[in-house]
Structures are given as C-alpha cells and as structure tokens.
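Values in this text are rule-based calculations from the coordinates and carry no lab data. None of these values were measured; they are calculated from a predicted model. Here the Cβ is made from the backbone with ideal geometry for all residues, glycine too, and neighbour counts use every protein chain on show.
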C-alpha cells in the first residue's frame, strides 16, 4: 500500500520531469548545430533616414550596443553590420534579427530582403514588429566574401534588454532553436492554463475556498508571464506584440508572487491574512523597481518558507506537500540561477503546482469522504428511527396484545390499531428530517404511551413544563427516552409519570426528561439503555455539531436525562 | 399442574392466563404471573413449579444467559417470544417448546399436550444440560454424557471423563429434551446408546467405560433391536 501510494504520487512528477529533461536535451542538440551559425558582434548605429542602404553609413565600432533610451524619439535610424561569408552557400541562407523593439526594413547588400512591422504606422500598437524575425537571403547574393547588412529601424517603447543580435546561417538551423523554445513555452502555457482552470473549478466546486482561487490566479499569472517573454514571440498573435517585454514578463511574475503568498496565507491559515497580503503586495511592487528578478525570487522563497514554517509549527494539514513543493521550487530556481537547467524556474513552479494539486486533491477527497459519511450517518439515523416502529419485537408483541383485545374488549382493539397506525405514520413522516416541531415529538411520545398503556394495562402520563411549542428538536429523541423508560423501568409498576421540561440558560437550551421508573442501574438493561442513548447522541451530533451535551443519571425516585443544545 | 408465567406485558400475561385456565380447567392447581425473571426466580426458590412459560427477548446475549438459568431448574421451560429466528438456538439449551408471538388458543393447547405426553420429544433436542455450580451455571455437552441415573427429583449425569454432575430435572423431564439416542432403559437410568459396548442376557448393558447398568425386562428386546 505504501509503495502503491508512493508511485501514485511520484510517478506523475517523474513523468513531468522526464519530459523537461527531454526538452533540455533538445535544446542542447540545437545549440550544437548552431555552432555553424555566424554571429555578428559589431553593430553600428547611425541616424540619417534618406541614405542609401547600399553604402557603409556608419563608422566602425561607433556604437556597440543599441541603447533604446537613446533611440527613442529619434525617428528612423540605421543599424549596420558587415558579415564575411567563407564560402558560397548551397543551402537556404537566412538572416535572423533579434531584440529590436520596433519596426524594421532589412537590406542585404542594398537589396530589401525583409520587413518587420510598419515604419510609418497610424498607430504604434498595430504596427510594432516581432522581437525576432527572419529574412531570407537570395541565393545569388550569398556568395563568398564581404556583405553589408543595413537595417532601417524605428524604436517603439523602452526595453531594458534592448540590444540587437544579428545571425546568418542555414535557415532550418536558425529557426529550429526558436521552434524548440516555442514548443517548450506552449507546453508550459498549457500546464499553467490547465492548472489554473483546474483550481478555478475547485474554487467554485468546493465551497469557494479562497486558497484555491489564489492558486488559480497564480497559475494564470504564470501563463501570462510565459506569453509575455519577448524571446518567444514566434507564434504570438500580432495584437500581443506591443506588450511583449522582459519588464512586463517580470512584473507579471511579481504580481503572481502575491497570489502565491495569498495561497499560502489562506491555506496555512495565518492570522491577519489581508494585512499580511497587502504588505507583501507592496514589497512585491517596490521590488520590481528596486531589485533584480533573481533577488526578488529569493526574497519570495524566503517569505514563503517563513509561512510554511508557521504551518509546521501549527501542524497544518497538507503541510508536507507544501514543503515538498517549496523545496522543489527552491532547488529548481537555484539550478536555473546557476545555469544548470535552462528552464529551472518554470520547472520549479510547475513542480510546486503539481505538489499543490496532489495536496488539494487529497484534501478534497477527504472532504468528500466526510460528506459521504455524514450522508450515510443521516440515512442510518433515519432507518434507525423507522425501524423502531416496525421492529419485529414491537410489532409482534403489539399483535399478541391485539389478539387479546379482539377476543376480550373489541372496542379497545379498534382504538389500539388506530394508535399503532398513528405512531407509524408520524414516525415515517419525521424520520428523514433533521429538526421537527416539538409538538410532533410530544405527540409521538403520547401515542407511544397510549399503546403501552394498553399493552401493560397501565396508566402513563406525560407532562411538559416551560415549552412554548415553537421549539425544534431532532426527531425521536424524547420518543426514544419514553421507550427506554417503559422497557426498562416499569416491570412491576403499573403507573408512570414522564416530565419533559425546558429551561433557557444564556444561549443554551436545557431539556430535562424525567420518569419515575424503578431504577436498576447495575442491571444488564443499562447496556440496552445505551443503544437508545447512542441514537439520541448521534442525532444531536448531526444537528448540533459540538454544541450539545447529554447526561443520563439515576435519581432516587426515577431516571433523568438532561440534553443541552447551543 | 403448577404453572408460572413470566411476562412483563400485562395484556399478554392476561391472555396466557385466560387461555391456560380455559384449556387446563381443573388440571390447573396453581397459576402465577411474574413480570420479570428476577421476581420469578425468587418465587421458584420457594414454591414448586411444573412448567414455566417464559417471555424472553432473545435479542442479544442477555436473553440467553437468563434462559441458561431457568433451564437448569427442575421444571420444564417453554419459551414464548417474538424472536422466532432464535428459536433453534433456544432449543439447544433444553426448552420443551417454543411458542411464537402472536399465538392462539390451539397453539397453547398443543404445548400443554406436549408437556403431558410422556412420548413427546422436543422438536429440536437439547445440546446442553445446564448444571448449577456454586454461583454460576455450567453447560454440559450432552455427547459427554454416558448415562443419567435418576436420584429422586435429580438426574445424576455420568460423564465420559468419570465425573458426575447433578442436574435438577427428573428423568421424566429430561427424557423429553434429549435426542433419540438417549434411551430410558430402566426406571432409574437413561443411557447414551452410542456409549453401549454390549448387551448381556442378564438384563444388563455394558458401557464403554466399563460400567454395567440394569435394563428393564419390558424394553430389553426393543433396546436390543435398536443396538443391532
């Protein structure tokens, strides 16, 4: 069983990790191929819109990097670079231009070979180009020797990491890496979206537990983050292009971290959750402007660890899975920081989410079980009450009495049958309810006493004190006490008095049920008395969970049961 | 006949009494009603009784413990109960008859006939005989019995292991409760036919434990036939 559980929980994790290892190996093989690709390091930038891209426009090494902030509002600039091809290329050659945030026209030896976005747009948002794009180099221009790349560029918006990156090489080799990155991103997006939806359904399906909502939002914020990463715009729809930026992506992660902390706060149940969450939200936003992404990640993990530590201190349910998830997250983020695992950050987050899924699943399974047990208990109680009025011992003895009535006093026989019918009808009507008017309960008791008066040839009286008649009680509790009293307390007596009284003390209602039976505390009958009391306890537990008390004691003149409900 | 009725439901007790009086008429010497087994046993300690009609709620262990006590007595016991599903178990303890509730006059009449008919055997023979030990009851498995010797109103149970136990019932009462391989071979002896080694021509049976028991001339031939 232990082993089976181990596999049930860890197999999905292992499979997930395996698929990531696969992706990582894929990445490595692509990197091997990319060695054939020529990377152009020296890039020159200069102003001058109307110049001819065939000419060398800028001085060598004038500017090594594009500083976006300098380019903004400068209109069109020229970005140029030279490339030396060692040989004539037989295969399809392509130029890849990355990390230019804006619109471009690309010239190869003065020939226009590609466009990205629109240099003269009506609206910036609709005409921004992709972060990286490919231009195919015509075969006749890919001969051995020096070639000139001229890019007419217009900067749209700021970008923290805005430096141009030109690469020339086999078209399929160059695009393979991007395809691989995109596949990985689509996989992660799918995982985050699915988990997000999963927790959202849990949130609506299982009592709107706030922590599920936070976990769902956390997943969704990571799906957004994985879309916004600018290096993976290969399949990004045009309308999203303006929003792609490392800054936006990182900011989404900072917002996501608020949801993560929210989840932990609610799941672990820390006092003053909202204040705590607000504090972290402020820290998170301030961190975005003040410290690096990695430093914030460490801060987040430290913060989360502190909350989890509190959870361990309080022995919160599901703490082990949360700890496992967090340790996994810390481990994978470290692997990512130390450049061991390229997607460590995402893998860590997915690992965490998987752990939470298992934890949440277990909790929900537990809740469902509790609910089912409650249902079962309810129907067991209903059956128990019904059974009392149809149990063979009761019916057959009543029938034996009825025989005697028929033969001796037929007029009583008819009334006796009526009483039996009334009791049966009343018990069947109330048995499936949780609370019934006390009037019904008292009626049930009186009918039962009437039946027993015939059978025992006795006189039984039920008195009530302090009742308004508006009270509601679980069905059958006083009826059971009446039955118990008669079965065990009136063997030789042929007169009996039952008193039901009510007192209100503070918020609590105290019912006292007394009968003047002959008490035999040590007899074997006390055990049987126990089964009746067990029924009453089960009813009280169901209807007034944790807010009830039952005391049963022999007095020198009878038996008394006290029931207190909150 | 002296009858004790143990019934806590007044109406049913009244019914048993009425029907018993109608059936037995002058045969009835004494009829007492007690609501509980406790009050009944106080009564039987002081007054002789021939037959006890016992209403027993056989649900649960307690009912059988009470039954054990009453079947150890000298009188015969009939059960009157709603719990018919436990009837066979009740017979195991040595009750003469089991009357299911509700019941009519004819059924009660039959029960009294069974009591009076010396040749009647309980529908299911007993499996145990309860023996009163100091304070508690001991159940003797009837297959452990080699023979029973009548001693006044008692039966002396002679067991395979050589022990002897006294049971409060007379041979006449015991005969009706025991299975058919227990045969009354003599005014003072009931023998377990499974334990008979041989039967001699001197009107004696030799038992497997070596004991020799006399056999009545009147049933000598029948026993011989049974054994061969």
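At-a-glance table
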quantity	calculated
Among beta bridges that DSSP assigns inside the stretch A:437-522, antiparallel share in %, nearest 5	55 percent
Per-residue mean of C-beta atoms belonging to partner chains within 10 Å, peptide A:192-202	0
Relative contact order of chain A, defined on C-alpha pairs under 8 angstrom at six or more residues apart (%)	8 percent
Pairwise label distance in nanometres, residue A:383 with residue B:120, each label 7 Å out on the Cα-Cβ vector	4.0 nm
Relative contact order of chain B, defined on C-alpha pairs under 8 angstrom at six or more residues apart (%)	13 percent
Exercise: per-residue mean of other protein chain Cβ atoms within 10 Å, A:400-410	5
Degrees separating the helix B:37-46 axis from the principal Cα axis of chain B, which is the longest one	60 degrees
The stretch A:364-488, Rg to Rh (Cα coordinates; Rh as Kirkwood inverse mean 1/r)	1.06
Relative packing of peptides B:67-76, A:540-549 - highest average C-beta neighbours within 10 Å first	B:67-76, A:540-549
Descending principal axes extents, chain A, alpha-carbon based, whole Å	130, 46, 45
Cα-based helix-to-principal-axis angle, A:392-408 vs chain A, degrees rounded to 10	30 degrees
The stretch A:391-565 - Kirkwood radius from inverse mean 1/r over Cα pairs (Å)	16.9 Å
DSSP bridge pairs, the protein assembly as shown: antiparallel proportion in percent, nearest 5	80 percent
Distance (nanometres) between label positions extended 7 Å along Cα→Cβ at residue A:111 and residue A:414	11.8 nm
Paramagnetic reach from residue B:28 (point 7 Å along Cα→Cβ, amide N under 15 Å) across the stretch B:108-124	B:108-113
Peptides ranked, highest mean first, by Cβ atoms within 10 Å: ranges A:256-265, A:392-401	A:256-265, A:392-401
Per-peptide average of other Cβ atoms within 10 Å, ordering A:177-187, B:109-119, A:480-490 highest first	A:480-490, A:177-187, B:109-119
Extension gain (nm, one decimal) between residue A:36 and residue A:204, 0.36 nm per residue minus Cα-Cα	55.1 nm
Nearest-ten-degree value, helix A:2-33 long axis tilted from longest Cα axis of chain A	10 degrees
Exercise: per-residue mean of other protein chain Cβ atoms within 10 Å, B:7-20	6
Choice from B:184, B:18, B:86 showing the highest fluctuation, given a GNM over chain B with Cα pairs closer than 10 Å	B:18
